[in-house]
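The values are calculated or read from the model by the stated rules, or taken from the named source; none is laboratory data. Keep in mind that what you see is a predicted model, and the values were worked out from it rather than measured. Every residue, glycine as well, gets a Cβ built from its backbone with ideal geometry; the counts of neighbours run over all protein chains shown. Side chains are part of the model used for accessible areas, which takes the heavy atoms of the whole protein and leaves out ligands, DNA and RNA. Shrake-Rupley method; radii C 1.70, N 1.55, O 1.52, S 1.80 Å.
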Amino acid sequence: ASVVRLDSKGKPFFATNLPDQGFHIHKMITAPDDHIFLIGSSVSTGGRVIKIRTEGDIVFNKEIVPASEFSTLEHLYLANNGNILVGGNGGDKCYYSLLRNDGTDLLKYILRGSISGMGMNPVSGESVVVGFDADRGRGTIVGLAKDGRQIYQKSTDGNFDKTQLTQNGIFLASTATGRICMLSNMGEMLFDRYAIENERNIFEEINFTSNGDILFKGKNN
């Protein structure tokens, strides 16, 4: 895998080959200072987060999920203060970390089950991590402060795969059931319902709009 930056005329400014053989990029974000952050995984090197300078050289290449055939790193968020939130899965465990801008750990966590959703408020730096343990049929909702400290941990019977943080609270939704919950920023349940009242439905997409609406798109549009 490689990363290429083009100038304003479309000519390559740099081309950086990533050192991990078989590495697949999952997500990439350009920070306001033009540094590049990307996440991905390979069987041999696990789930990793990589930072690339504006000149194209690699600042750090850090393992988050240990190497295995099940290693994935799917979640990447940047806060305005420069902190980086990453998360992924590996077998029967999930891994998530809050890192400083230089790649050093503020805090890192390992839990049973898998991460189904994550979100971050870039202004406040607060985050939420949503997981589900299929063996127990139980989910976990964890709130993190801007320094990575755990604010709360809640148990739930829902498997939520969509997460959205707002100034007013946290929204969790499930495409498999159409269930939608809202929590306060301290983890208190504000409401818990289905998109279609008292009825489970499968949705292809759930989109959170900028004005606060939530759109549920069914398979037949």
Exercise. Tell me, which strands (runs of 3 or more DSSP E) lie completely within segment 12-88 with 1 or more residues that are open to solvent by 30 Å² or more (accessible area, probe 1.4 Å) and over 22 Å from Lys146 (Cβ atoms)?
Worked result: 12-17, 24-30, 46-52, 58-65, 72-78
Exercise. So, of the residues in segment 102-116 that are at pLDDT 90 or above and assigned to a strand (DSSP E or B), which turns out to be most open to solvent (accessible area, probe 1.4 Å)?
Worked result: Lys108
For this session: List every residue pair whose Cβ atoms sit under 6 Å apart, with the two residues 6 or more apart in sequence or on different chains, where the first one lies in segment 57-71 and is of a type in the set (D, E, K, R) and the second, anywhere, is in a strand (DSSP E or B).
Result: Lys62/Val49; Glu63/Gly46; Glu63/Arg48
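If you take the residues of segment 1-11 that are under 18 Å from Val49 (Cβ atoms) and small (Gly, Ala, Ser), which of them is surrounded by the most Cβ atoms within 10 Å (Cβ to Cβ)? Walk me through it before giving the result.
The first filter runs over segment 1-11 and keeps only residues under 18 Å from Val49 (Cβ atoms), leaving 1-3.
Adding the requirement that they be small (Gly, Ala, Ser) leaves 1-2.
Values: Ala1: 16, Ser2: 9.
By that ranking, first place goes to Ala1.
Of the residues that make up segment 166-189, is at least one at negative phi, modelled with pLDDT of 90 or more, part of a strand (DSSP E or B) and open to solvent by 40 Å² or more (accessible area, probe 1.4 Å)?
Within segment 166-189, the first condition is being at negative phi, and the residues that meet it are 166-168, 170-177, 179-186, 188-189.
In the following step, the residues that additionally are modelled with pLDDT of 90 or more were identified as 170-177, 179-184, 188-189.
Among the residues that remain, those that are also part of a strand (DSSP E or B) are: 170-173, 179-183, 189.
Add one more test, that the residue is open to solvent by 40 Å² or more (accessible area, probe 1.4 Å), and what stays is 189.
Yes, that holds for at least one residue.
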Exercise. Does Ser124 satisfy the criteria of being at pLDDT below 90, in a strand (DSSP E or B), open to solvent by 20 Å² or more (accessible area, probe 1.4 Å) and not acidic (Asp, Glu)?
Worked result: no
